[in-house]
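What follows is a set of notes on a single structure, which appears directly below.
The values are calculated or read from the model by the stated rules, or taken from the named source; none is laboratory data. Nothing here was measured: the structure is a model prediction, and the numbers come from that model. Cβ placement follows ideal geometry from the backbone for every residue including glycine, while neighbour counts extend to all protein chains displayed.
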């Protein structure tokens, strides 16, 4: 079945929404990095290695990293779907 322009627009809006969510998460991650003077990559290694104390901020930081990872996967999935849908639509009109 060929997607309608409305369906394509909806997919595109979902992608944009995910990017906006990632932007918000990145701001949170930058704040943690500034506060604790370490990159999120360094934090992740230390946190998962057990060398950081069990503080609420560190659990939140880890959660933001996890949400970011999940959103990136969702964006990849949506962009793949959007690309395939656009290709079908364009080929159907050719």
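The table that follows gives values for the structure above.
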| quantity | calculated |
| --- | --- |
| Output for the range 1-57, where each listed residue is at positive phi and surrounded by 11 or more Cβ atoms within 10 Å (Cβ to Cβ) | none |
| From 90, 71, 82, residue being closer than 30 Å to residue 7 by Cα, modelled with pLDDT under 95 and either touching a strand residue (DSSP E or B) at 6+ places or on another chain (Cβ under 9 Å) or surrounded by 14 or more Cβ atoms within 10 Å (Cβ to Cβ) (or both) | 82 |
| Selection count, the range 1-37, where residues are in a loop (DSSP other than H, G, I, E, B) and under 21 Å from the mean Cα position of the chain (by Cα) | 0 |
